[in-house]
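A.B. asks: Provided herewith is a single structure, encoded as structure tokens, for subsequent inquiry.
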Amino acid sequence: ADTACKNRPLDLVFIVDSSRSVRPEEFEKVKIFLSEMIDTLDVGERTTRVAVMNYASTVKVEFPLRTYFDKASMKEAVSRIEPLSAGTMTGLAIQTAMEEVFTEEMGTRPATFNIPKVVIVVTDGRPQDQVQDVAASARTAGIEIYAVGVDRADMQSLRIMASEPLDEHIFYVETYGVIEKLTSRFRETFCAVNVCALGTHGCQQVCVSNGTSHLCDCYEGYTLNPDKRTCSAVDMCAPGRHECGQICVSNNGSYVCDCYEGYTLNPDKKTCSVVDMCAPGRHDCTQVCLRNDGSYSCGCYEGYTLNPDKKTCSAAEVCAPGSHDCEQVCVRGHPVYSCDCHQGYSLNPDGRTCSRVITSSLVTTEESCKCEAIAALQDSVTSHLEALSTK
């Protein structure tokens, strides 16, 4: 009978109450109910996806919609669920389902697929938080809510949570011991005898019901082929199809953006910014890093030259021939040099060239006086000799 009527594809989330009021043996009954529900569903990546959430004072996503696509794995995961045993924060649980489970990242299919989003809440108590506004927001967001009350469950709270019409979305059982009988009720609710549900449609990816007929569609990033059944991956990196500032990388019917060397991807995952290649730790220059349009080159301080490795520097031979402009003598310094002159020359004001020194004999005053006395004596002697020679 199960194979004769398959349920329509759903993104289905079970939210089960494991608060203090649910005894361990009763929670085991809930897990049996979940397993039996899974058995009745047409589970699969392209059919019905299932997630399970467990809540009390806190909320735990036991597994999201993207985790399991076969019944055996789902049921094994359900068997490992442990009760949280605290309060009853039903509103928080529904809010978490909206914000964290019904997202494409967690496995919910895009709205364009028209896959119904369904929540089944199982509880035996009264919510300890404000559930009315949260449930209303969920319904507005297109989430269909079924409320299952057990034993002491507050019926008014079930009515506040559930979608319209209420008589089709509220279920009640006296004890957890008979909760399994709801399985057949849900099977009747979810069963849809149409071409898409029966799996005879021939669509490769998505079947869209159209009254008594159907149409085929494709997942995002794919396009329907002329045969109207199969799909081909769209080149998302073709010009005009992507929003990447520099490089577009095709990725299985989608794409991701990348950047040229020397650029880094911005938080928007689309545009790129130049990397400061000369920032500390980004380069391997020992002295000077020179930015160069997203790259860099190395340089050296004055008096040093770049080694062949283009990274390190060595002190230059400043007095090597052709390396200085001294006319006569180059005096090595670190890292610069100075000029000097050979003996008999002096350095000109330009600090580079030299001029010959002109020397003169300097006579002291005392020596000058002695010279004058000697000269006077010589003159006197000469005069005297000349006088004698005339006699």
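A.B. asks: Just in the range 274-349: which trypsin sites (Lys or Arg not before Pro) are loop by DSSP and have at most 16 other Cβ atoms within 10 Å?
C.D. replies: Values: sites: Arg282, Arg291, Lys310, Lys311, Arg332; in loops: Arg282, Lys310, Lys311.
Filter output for the range 274-349: Arg282, Lys310, Lys311.
A.B. asks: Going toward the positive end of the dipole of the chain, with +1 on Lys and Arg Cβ and -1 on Asp and Glu Cβ, which of Thr175, Cys313, Phe63 do you reach last?
C.D. replies: With unit charges placed on the Cβ atoms, the residue in question is Thr175.
A.B. asks: Cα-Cα over 27 Å: which of Lys71/Lys117; Lys75/Lys269; Lys29/Lys117?
C.D. replies: Where the Cα-Cα span goes over 27 Å, the pairs concerned are Lys75/Lys269.
A.B. asks: Using a cut-off of 15 Å between beta-carbons, work out the net charge of the residues near Thr67 (Lys and Arg +1, Asp and Glu -1, Thr67 not included). The partial results should precede the final answer.
C.D. replies: On the way: positive: Arg49, Lys60, Arg66, Lys71, Lys75, Arg80, Arg109; negative: Asp11, Glu45, Glu62, Asp70, Glu76, Glu100, Glu104, Glu105.
Charge balance in the 15 Å sphere: -1.
A.B. asks: Is the shape of the range 57-154 rounded, prolate or oblate, going by the alpha carbon gyration tensor and its root eigenvalues a ≥ b ≥ c, with a/c under 1.5 for rounded and a/b larger than b/c for prolate?
C.D. replies: Values: a/c = 1.89, a/b = 1.17, b/c = 1.62.
Oblate.
A.B. asks: Under a Cβ-only charge scheme (Lys and Arg +1, Asp and Glu -1), can you give me the dipole magnitude of the chain about the Cα centre, in debye to the nearest 20?
C.D. replies: My answer is approximately 900 debye.
A.B. asks: Taking the Cα centre of the range 5-193 as the origin, how large is its charge dipole in debye, to the nearest 20, when only Lys and Arg (+1) and Asp and Glu (-1) carry charge on their Cβ atoms? Spell out each step's value before the answer.
C.D. replies: Numbers: 22 positive and 29 negative charges, 50 e Å.
Magnitude of the dipole: close to 240 debye.
A.B. asks: Using R₀ = 25 Å, calculate the FRET efficiency as 1/(1 + (r/R₀)^6) where r is the Cβ-Cβ separation of Tyr172 and Ala86; round to 0.05. Working shown, then result.
C.D. replies: Details: r = 24 Å, r/R0 = 0.96.
Given R0 = 25 Å and the Cβ-Cβ separation, E is 0.55.
A.B. asks: If ligands, DNA and RNA are left out, what is the accessible area of His324 with a 1.4 Å probe, given in Å² to the nearest 10?
C.D. replies: 50
A.B. asks: Could you tell me what percent of the accessible area of the range 277-316 is made up of carbon and sulfur, with a 1.4 Å probe and every protein chain present? If you can, show how the numbers build up before the last one.
C.D. replies: Details: 1270 of 2650 Å².
Roughly 48 percent of what the probe reaches on the range 277-316 is carbon or sulfur.
A.B. asks: Could you tell me whether the range 1-110 comes out rounded, prolate or oblate from its Cα gyration tensor? Rule is a ≥ b ≥ c as square roots of the eigenvalues, rounded for a/c under 1.5, then prolate if a/b exceeds b/c, otherwise oblate.
C.D. replies: Numbers: a/c = 2.28, a/b = 1.33, b/c = 1.71.
Oblate is the answer for the range 1-110, as a/c is 1.5 or above yet b/c matches or exceeds a/b.
A.B. asks: When you have a sec, figure out the Kirkwood radius of the range 101-162 from all distinct Cα pair distances and drop it here in Å to one decimal? Don't skip to the end; give the middle numbers.
C.D. replies: Values: mean 1/r = 0.0788 Å⁻¹.
One over the average 1/r among Cα pairs gives 12.7 Å for the range 101-162.
A.B. asks: While we're here: Heads up, I need the accessible area for Tyr172: 1.4 angstrom probe, whole protein in place, Å², nearest 10.
C.D. replies: For Tyr172, the solvent-accessible surface is approximately 100 Å².
A.B. asks: In the set (1) 27.4; (2) 42.7; (3) 21.2, which value of mean projected area of the Cα convex hull in nm² was calculated from the structure you see?
C.D. replies: The listed entry that was calculated here is (2).
A.B. asks: Okay, moving on. So what is the accessible area of the range 319-359 per residue, in Å², with the probe set to 1.4 Å? Intermediate values should be presented prior to the final figure.
C.D. replies: Working: 3000 Å² over 41 residues.
Ligands and nucleic acids excluded, the figure is 73 Å² per residue.
A.B. asks: With the other protein chains left in place, how much accessible area per residue, in square angstrom, belongs to the range 5-193 at a 1.4 angstrom probe? Display every interim value, and only then the final one.
C.D. replies: Working: 8020 Å² over 189 residues.
Result: 42 Å² of accessible area for each residue.
A.B. asks: Please work out the C-alpha center-to-center distance from the range 6-74 to the range 80-131 and express it in whole Å.
C.D. replies: Each part reduced to its Cα centre gives a spacing of 11 Å.
A.B. asks: Right, here's the next one. Rounded if a/c is under 1.5, else prolate if a/b beats b/c, else oblate: with a ≥ b ≥ c from the C-alpha gyration tensor eigenvalues square-rooted, which is the range 5-193? Can you show the working numbers first?
C.D. replies: Working: a/c = 1.33, a/b = 1.20, b/c = 1.11.
It is rounded, given that a/c, with a ≥ b ≥ c, falls under 1.5.
A.B. asks: By the scheme Lys and Arg +1, Asp and Glu -1, what is the net charge of all other residues having a beta-carbon under 11 Å from that of Gln328? Please list the in-between numbers first.
C.D. replies: Working: positive: Arg352; negative: Glu327, Asp340.
Net charge around Gln328: -1.
A.B. asks: Ordering Thr286, Thr230 by how much accessible area each has at a 1.4 Å probe, largest first, what is the list? Please list the in-between numbers first.
C.D. replies: Values: Thr286 80, Thr230 35 Å².
Largest to smallest exposure gives the sequence Thr286, Thr230.
A.B. asks: Of the peptides 175-182, 351-358, how do they stack up when ordered by the mean number of other Cβ atoms within 10 Å, highest first? Intermediate results must be reported in sequence, preceding the final value.
C.D. replies: Values: 175-182: 16.1, 351-358: 11.6.
The peptides rank, most packed first, as 175-182, 351-358.
A.B. asks: With all protein chains present, how much of the accessible area of the range 7-71 (probe radius 1.4 Å) comes from carbon and sulfur, to the nearest whole percent? Before the final figure, lay out each step's value.
C.D. replies: Numbers: 1100 of 2340 Å².
It is 47 percent, rounded to a whole number.
The values are calculated or read from the model by the stated rules, or taken from the named source; none is laboratory data. Note that the coordinates shown come from a computational prediction; the quantities given were computed from them, not determined experimentally. Note: ideal-geometry Cβ built from the backbone for every residue, glycine included; neighbour counts use all protein chains shown. Accessible surface is based on the protein model in full, side chains and every heavy atom, while ligands, DNA and RNA are left aside. Shrake-Rupley method; radii C 1.70, N 1.55, O 1.52, S 1.80 Å.
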